[in-house]
Amino acid sequence: MSSWKTISRASLLAALLGGAAAAQNPIEVERLDSLDPLEVSLTDRGLGERQWTGTGRDMAEAVLVRLPGTGDGGYASEALGDTARLILLSGGQPPAGGRGDARLAGLRVDRLLAAGGANDAFDLLERTPNVNRQPELASWHAELGFAVGETGRACQTANALIENRDAPEWLRRRAFCLALEGQGAAAELTAELARVHSEDADFDARLFAYTLATPVASTVGPADSGLDLAMARALLDPEADMPPIADTAPAWLIALGHRPPYETPRITETAAALEAALALTGRERHHALEDVLSNGQDREVSALALGHLLADAPDAARFIHVARHHGNEVETLPITEASLAHGYDIALAAMIVGDLRAAARWRNGLVDGPPRRVSPAALAGLPIVENSDGQLIYADGTPVDAVPPEWVPPSPQRMVALDLSLAIARDALIGGNFDAVFAAWTESQGEASLGVELALAELGARLPHSARLAVLGRDEAATAPEWPVMEMAMRSGARAEMALLAVSLLNRPETSADAVVFSRSIAALDMAGLRDSARSLVLERVIMRSR
């Protein structure tokens, strides 16, 4: 029974008994059920409070384990990872029989760590009550706190732990916390207790170096845990770069090392910097182009830098990755004759990050061409005369600009891809010229367009008659137990279940490539209340087909 029902019933009883009786026999109201870890939510765009309605505890575990975990290979695309992240950030009433279930809570943290990274998982645990009473959650909270630089919070959990306090990993965590407090002798004694259970030479070397303020031994390897990373940071100058992280470390920890604090270098000659960047290759070229892009002095040159960054992408997946990281720059980039050479890619980049106004501006620029500069003399209507050299000039001596060449837009196929992408991003799948654009795109793509056709039909677009015949005529169809179960969950209204199964199906090449499975997974996400995520996944597929 919830605490709110308890309170309301107590209030009713007090009213029935009267004030005197209530005073003689005061009613003590206390909360009978504390907040469950699965009820903690970090988003208001997720599945809602009743996301697990219709799902039992065992089924919830069965669908959660089908998502990639921290030891698996990750997600097939960043958009799919974002979809999983949104689902896992969403809290609600636990599934039937799942309240207080440590296994479910731990699975959620592990899967969120794989989808969203260390900061998301740590924030979730920060808002979870009584973490110190749940060993698996406490371990994650301390490990992630050390990793993301929240050492104080990690130490608080290490000190408040209820169970398993004498395990070697917890002894080492507390030893480091004692060293941070200046209690070197106590830290060494605690570390000695840990050594009785197991050896960790790198930890001992780092603790020794920190407590005695001496350089760490050269034999110590790079960090491969959150605690290692926190100790390595403590041994560095605060202004130093991120300590090295072992290649064998968990993927989420390695990802932290890929995002060092970034300071935009000062570039005085942006055109020269761009030219120098284009002479480079590989990662050096990529980073140099990023430096030019982030410099605010000459935004036309920045537009060219972004264009080259996008053009350098070896495949569609890498293109989308670069666009997601730098697409927010598009809003400030000017449309010129030079920058429009990369206009198609830049417009797609703006769409990928959701800047539809900038995407439409660049799309229109590709159709109309760059703005033409008109001289003041022409604006003033001065007469044109011929000078002694036979050149045409205005009466004030200003040369007459040469007639600019006629602007040639990109190919119709590219413009159709842009228009279809914009319509999907705007959720404008009915009316206007959508049917004509959609038909032109499917014709250009042939049989490869079937998955997008079916998916857009699930989202409300008109399905071409030929699509049904194409489905009927398929030689092979994917089979996976998750597919019929997802369909059953859709009929039952089990939102979390259908959404997680959809992500699982979309993450496997053999099922995601199947046009019907892809479209029905998109429908499941839409039905679960994740329409924006569903459209993003379809948009991603259109862009991948159109580059």
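The values are calculated or read from the model by the stated rules, or taken from the named source; none is laboratory data. Predicted model, so just to flag it, every value in this text is computed and none were measured. Don't worry about glycine lacking a Cβ; one is built from the backbone with ideal geometry, like all the others, and counts go over all protein chains shown. The accessibility values were calculated without ligands, DNA or RNA, using every heavy atom of the protein model including side chains. Shrake-Rupley method; radii C 1.70, N 1.55, O 1.52, S 1.80 Å.
Computed as a quarter of the hull surface, the mean projected area of the alpha carbon convex hull for segment 424-547 stands at 7.5 nm². Averaged over residues, the count of other Cβ atoms within 10 Å places the peptides 243-256, 382-395 in the sequence 243-256, 382-395, highest first. With helices as the sole contributors, the chain gives -17500 deg cm²/dmol at 222 nm; each DSSP H run of n ≥ 4 counts as -39500 (n - 2.57), and the sum is divided by every residue.
Per-residue extension of 0.36 nm, minus the Cα-Cα distance of N328 and E447, leaves a gain of 39.5 nm for this segment. Normalised by the number of residues in segment 152-222, the mean separation of alpha-carbon contacts (under 8 Å, six or more apart) gives a relative contact order of 24 percent.
Using the Cβ-Cβ distance between A213 and L356 with R0 = 45 Å, the FRET efficiency computed as 1/(1 + (r/R0)^6) comes to roughly 0.25.
Any idea what diffusion coefficient segment 423-496 gets from Stokes-Einstein, in µm²/s, Kirkwood Rh on alpha carbon pairs, 10 °C, 1.306 mPa s? Reported coefficient: 112 µm²/s.
Would you please name the GluC sites (Glu not before Pro) within segment 181-244 that are DSSP coil residues with at most 14 other C-beta atoms within 10 Å of their C-beta? Taking segment 181-244 and a limit of 14 other Cβ atoms within 10 Å, the loop GluC sites (Glu not before Pro) found are E181, E199, E239.
Solvent exposure of segment 448-547 amounts to 42 Å² per residue of accessible area, where only protein heavy atoms count and the probe is 1.4 Å. The order of the peptides 497-503, 63-69, 215-221 by mean Cβ neighbours within 10 Å, most packed first, is 497-503, 63-69, 215-221. If you average the alpha carbon positions of segment 295-316 and of segment 157-235, how far apart do those two centres end up, in angstrom? Taking the Cα centre of segment 157-235 as reference, the centre of segment 295-316 is 45 Å away.
Annotation: segment 276-354 has a Kirkwood hydrodynamic radius of 12.2 angstrom, from the mean reciprocal C-alpha pair distance.
Taking every alpha-carbon pair under 8 Å whose residues sit at least 6 apart, segment 191-308 reaches a relative contact order of 15 percent. Using only the alpha-carbon atoms of segment 82-228 as identical scatterers, what base-10 log of I(q)/I(0) does the Debye formula give at q = 0.16, 0.20 Å⁻¹? Here the Debye-derived log intensity ratios amount to -0.88, -1.20. Rg and Dmax, both from the Cα atoms of the chain and both in Å, are 30.2, 114. Sorted on the mean count of surrounding Cβ atoms within 10 Å across their residues, most packed first, peptides 226-237, 298-309 read 298-309, 226-237. Solvent-accessible area of the chain (1.4 angstrom probe, protein heavy atoms only): carbon and sulfur portion equals 52 percent. Relative contact order for the chain: 12 percent, from Cα pairs under 8 Å spaced at least 6 residues apart, divided by residue count. Calculated accessible area for segment 179-337 comes out at 56 Å² per residue, all protein chains present (probe 1.4 Å; ligands, DNA, RNA ignored). Based on the convex hull around the alpha carbon atoms, segment 210-325 presents an average projected area of 9.5 nm².
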